[in-house]
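A short worksheet on the structure shown next.
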Amino acid sequence: MILSIESSCDDSAIAITEIATNKLLFHKKISQELEHSVYGGVVPELAARLHAEALPKILEECEPYFDKLKAVAVTSTPGLAVTLVEGVTLAKAVSVGLNLPIIGVNHLIGHIYSLFIEKESKFPLTVLLVSGGHTQVMEVKSLTEIETIAKSMDDSFGESFDKVAKMMGLGYPGGPAIQNLAKDGDRKKYDFTVPLLRTPKLAFSYSGLKNAVRLAIEKADKEEYKDIAASFEHIATKHLTHKLNKYFQNNPPKTFAIVGGASANLYLRKQIQTILKPYGAELLLSDLKYCSDNAAMIGRVAVDMYKKEMFSSLEELDIAPKSNL
Ligand code: KG4
Ligand code: ZN
């Protein structure tokens, strides 16, 4: 079995995965949404302190599995430096204490593997990753062959939902709150401009849209927020489908996946399904409970890495002291 730890942002999570079967034997996640909600976003130092309390508590529950462990895995990058270090330090302690090899897992690959929890992995895939930290299109040939096709030049898709929600006083995380408000709103009421519409570049940008929404919020009454939320969600999604359609013209998709916390967005799922139809492409989605950050996806990557003997040294996992997501 592999014990895996996730602490890249505001979720403290540990999982135990059986190597031979991919079976998830244990998974516990303690989210910090309530604690960060009053600030309208994640406060890194607060998150780090909460990880320091939560992770050892969850680890205690894993004790019955200790003598069956073959490796310990941990999210090592990308993420908030001060929160990553909490998980990595604990993983190093487990590695030394139980004499186990350590596996450093890339969080983005973790999101891709959220598709394969308790399943066999299946490649090649074209992947859209939409989370709080990233908006990325990738061609994934295998665990180790990943090509980034397009990414955000500024805010990410999920982050733009968080910022719009903050402007409306809806707390953090903003994605579910905006989705909920938008479902009764008029998607055509506000004619926000689709970002990067006239540039052929395959890239994403959400800062301009966020500012246009801010201006609309400043002029609006509270009753109009649902129409702003609906129009924002529509244009934010249209930006993704517009760029994907462009990419598909020369690179028709066969198997397409949406992963990351914001892949839980139902409007996005529906719109992507529509653009895949002409290509007859299959759409893979993670189970809703594994879209946002979790340790099960990290454990699932670690199983494939273990089989390829992709271990790290303790020094390789040292986190550079910078705070970027
Ligand atoms: O993957 P994740 O848990 O953390 C990162 O790795 O960033 O993603 C969290 C992000 C937040 O920005 C949150 O607002 C967004 O995913 N999100 C959503 C929805 N549910 C979560 N965004 C849009 N619609 C949703 N339903
Ligand atoms: Zn994530």
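Laboratory data are not the source of any read-out in this text; all were calculated from the coordinates shown. All of these numbers come straight from a predicted model, not from anything done at the bench. Methodologically, a virtual Cβ is constructed for each residue, glycine included, from the backbone with ideal geometry; neighbour enumeration extends over all protein chains shown.
Please check: in the Gaussian network model of the chain (C-alpha springs, under 10 Å), which one of 26, 204, 232 has the largest mean-square fluctuation.
Answer for the Gaussian network model of the chain: 26.
Is the stretch 37-146 rounded, prolate or oblate when judged by the Cα gyration tensor, a ≥ b ≥ c being the square roots of its eigenvalues, rounded requiring a/c under 1.5 and prolate requiring a/b larger than b/c?
Because a/c hits 1.5 or more and a/b fails to exceed b/c, the stretch 37-146 counts as oblate.
Take the chain, connect every pair of alpha-carbon atoms lying under 10 Å apart with a spring to form a Gaussian network, then pick out the residue of 154, 287, 67 with the largest mean-square fluctuation.
67
If one takes the longest principal axis of the Cα atoms in the chain, at what angle in degrees, from 0 to 90 and to the nearest 10, does the Cα axis of helix 225-250 lie?
The helix 225-250 is inclined about 70 degrees to the chain.
Please compute the alpha carbon radius of gyration of the stretch 125-285, then divide it by the globular-protein estimate 2.2 N^0.38 Å. Two decimals is fine.
For the stretch 125-285, the normalised Cα radius of gyration is 1.02.
If I fit a long axis through the Cα atoms of helix 81-98 and take the longest principal axis of the Cα atoms of the chain, what angle between them do I get, 0 to 90°, rounded to 10?
20
So between residue 67 and residue 288, what do we pick up on full extension, going 0.36 nm a residue minus the alpha carbon distance?
76.4 nm
Once every DSSP H run of n ≥ 4 in the chain is given -39500 (n - 2.57) and the sum is divided by its residues, what mean residue ellipticity at 222 nm do you get, rounded to the nearest 500 deg cm²/dmol?
-12500 deg cm²/dmol
Note down the nm distance, to one decimal, between modelled labels 7 Å out along Cα→Cβ at residue 277 and at residue 188.
1.8
For a label point 7 Å from the Cα of residue 270 along Cα→C-beta, name the residues of the stretch 208-239 whose backbone N is under 18 Å from it.
226-239
Roughly speaking, what is the stretch gain from residue 123 to residue 96, that is 0.36 nm per residue apart minus the C-alpha to C-alpha distance, in nm to one decimal?
Roughly 6.3 nm would be gained on extension.
Choose one of 81, 56, 140: the residue whose Cα lies farthest towards the positive end of the charge dipole of the chain (beta-carbon charges +1 Lys, Arg; -1 Asp, Glu; about the Cα centre).
Looking along the dipole axis, the top candidate is 140.
Could you work out how far apart the two model spin labels at residue 77 and residue 309 are, taking each label as a point 7 Å from the Cα in the direction of the beta carbon, and quote it in nm?
Modelled inter-label distance: 2.4 nm.
Which trypsin sites (Lys or Arg not before Pro) does the stretch 1-88 hold that lie in a coil by DSSP with at most 14 other beta carbons within 10 Å?
The qualifying sites are 23, 70.
Out of 115, 197, 80, any idea which swings most in a Gaussian network model of the chain, alpha carbons joined below 10 Å?
Between 115, 197, 80, it is 197 that shows the largest mean-square fluctuation.
Quick one: longest stretch of the chain between exposed loop GluC sites (Glu not before Pro), exposed meaning at most 11 other C-beta atoms within 10 Å and loop per DSSP?
Between exposed loop sites, the widest span is 146-308.
How long, wide and thick is the chain, going by the Cα atoms along their three principal axes, in whole angstroms, largest first?
60, 44, 32
With angles folded into 0 to 90 degrees, how steeply does helix 157-167 sit against the dominant principal axis of the chain? Use alpha carbons for both and round to 10.
That works out to roughly 70 degrees.
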